[in-house]
Amino acid sequence: MTIQPSPIPAHVPPHLVHDFDYVRAPVGCREPQQEQSRRLKAETPEIFFTPRNGGHWIVRTPADTVEMFRRTDDFSSAPEFNDQRQWKPALLPVQADPPAHAEYRKVLGAFFAPGNMRKLEGDIRAIANAIFDTIEPAGGCEFVTQVGEVFPITIFLRLVNAPLDDRIYLLRLAHKFTRSPDPEGRAEAVSGLAAYIRKLFDIRRVNPGDDVLSQFVKSNFNGRPLTGDEEEGLGTLLFLAGLDTVRSAMSSVVLYLARNPDQYASLVNDPALIPGAVEELLRISGTSMPERAVTHDLSFKGIDFRKGDRIYFLLPLMSFDDTLNDDPHRVDFRRELSQHLIFGSGPHRCAGSHLARIEVRILLEEWTKRFPSFSLKPGSTVPMAASTVWTPESVELVWPAQAEAQA
Amino acid sequence: MSGRLVIRVDRSICAGHALCALRAPEIYRIDEEGYCASDGDMVPPEAESAARLGARACPEGAITLIEDEGE
């Protein structure tokens, strides 16, 4: 299907127009984050306008991003300024601006705080090993579907205390959301997820537990309980945010290690390198590109923006900006700091970042023990998906049979 | 003799990344909602480089280390 580029609005000068389709950009790349970062740095201004995906601005540098993400009065997350994000319900808290955003965020913040998430480590480790038990005997797996999808969704279903059997249904909706080329498909997915969440909330209201949905049921928002729409919005975002992003990041991380056996061996031989490796591998494995809409006509860095202009922030590419990291394309598990913005910045910084870091760390700690040597399946290819969340479509792996590995 | 370092955290821009505490857990404390709670803390002289690393790790630039003016 060919999607026609949109006309360029009159206020956008020709020298700031560059054709970039962020959904299709990874297709055909080996390392999309690195390759597209190099390409845009060579070919485009730091802020430019693309006619693709409805026509929108692109911001590709960390300094502009940190500033714009902080200026929520000018660059809003609210659907009222964005005609392509008219979802029912609005996803909370990502589609709210301060000060209302802070109230929603408090509900999430305490649950997803680093201390509270660390309590889950034992459970996460058990989930990892249960999944590895299912794939190990076969001598290989397709990582994206057999581990990358199953792992975070299992953890997530546990966070909300929903039945594991719901996994398949939820995955289908998540794919519809992240891989639909049109806003209608994404809106349908959001409605479907909201209906599912509605059922879970109805159960929690009668019979609350200690899961995250029960925390919402018990919470006050400016002195009142959350409305049904707010609960659905919060719950729906929790599902979406925890599903494809983590799958995609994990798949990219394991793909990198499969392609770089010497670096993988360093982790097997010295597990103390793993925490540093997690941050460095996350740095090169960003998946998500958030959006803001301009709330009023304004000028930023000499560029005129009009109310309703949409801006996408290419967070996965910013890891390779040399203002953040020296020699940014070198992947080094011993870097003093691996700087990146893959979890965003400002008030909307990814609430699940602490959980995501723990998930990837435990994946590596357990994977290195279970599969001390593994590689890409000979002859297999690793196609990158056309998707709003950047991910390999499949990563075929093989490892030596147990007896062989122990010999 | 140089003064000791004091941690200053701009709570209005701290976004709860918690990378200060990830990089220098012996220096930076995180509150129950995940935000840096070390504003005003003195840095032990032997931990100055760790404190600087934690401050540099902040994507928001919310942490500064200043020389204590007192005494």
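The values are calculated or read from the model by the stated rules, or taken from the named source; none is laboratory data. Since this is a predicted model, take the numbers as computed values, not measurements. No Cβ is skipped: glycine too gets one built from the backbone with ideal geometry, and neighbour counts run over all protein chains shown. When the accessible area is computed, the model is the full protein with side chains, heavy atoms only, and any ligands, DNA or RNA have been set aside. Shrake-Rupley method; radii C 1.70, N 1.55, O 1.52, S 1.80 Å.
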Separation of the A:Ala10 and B:Glu67 label points, Cα + 7 Å toward Cβ, nm: 5.9 nm
Theoretical FRET efficiency, 1/(1+(r/R0)^6), r = Cβ-Cβ of A:Ile168 and A:Arg370, R0 25 Å, to 0.05: 0.50
Full-extension gain in nm, A:Asp229 to A:Arg38, via 0.36 nm per residue minus C-alpha separation: 64.5 nm
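Over 22 Å between C-alpha atoms is what I'm after, so list which of A:Lys106/A:Lys218; A:Lys176/A:Lys218; A:Lys88/A:Lys199; A:Lys41/A:Lys301 land there. Write down the numbers at each step before the final one.
Details: A:Lys106/A:Lys218 13 Å; A:Lys176/A:Lys218 31 Å; A:Lys88/A:Lys199 16 Å; A:Lys41/A:Lys301 18 Å.
Cα-Cα > 22 Å for A:Lys176/A:Lys218; rest within.
Within a Cβ distance under 15 Å of A:Ala10, other residues only, what is the Lys/Arg minus Asp/Glu net charge?
Details: positive: A:Arg306, A:Lys307; negative: A:Asp297, A:Asp304, A:Asp309.
Overall, the nearby charge balance is -1.
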Computed E for A:Thr381/B:Arg4 - FRET, C-beta separation, R0 60 angstrom, nearest 0.05: 0.55
In the range A:336-373, the GluC sites (Glu not before Pro) that fall in loop regions by DSSP, at most 16 other Cβ within 10 Å: A:Glu336
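Ignoring ligands, DNA and RNA, what accessible area per residue does the range A:1-136 give at 1.4 Å, in Å²?
On the way: 6160 Å² over 136 residues.
For the range A:1-136, the per-residue accessible area is 45 Å².
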Cα centroid separation - the range A:205-219 against the range A:344-407, whole Å: 32 Å
Computed label-point distance, nm, for sites B:Glu32 and B:Arg11 using a 7 Å Cα→Cβ extension: 1.5 nm
Simple Cβ-charge dipole of the protein assembly as shown, Lys/Arg +1 and Asp/Glu -1, about Cα centre, in debye nearest 20: 880 debye
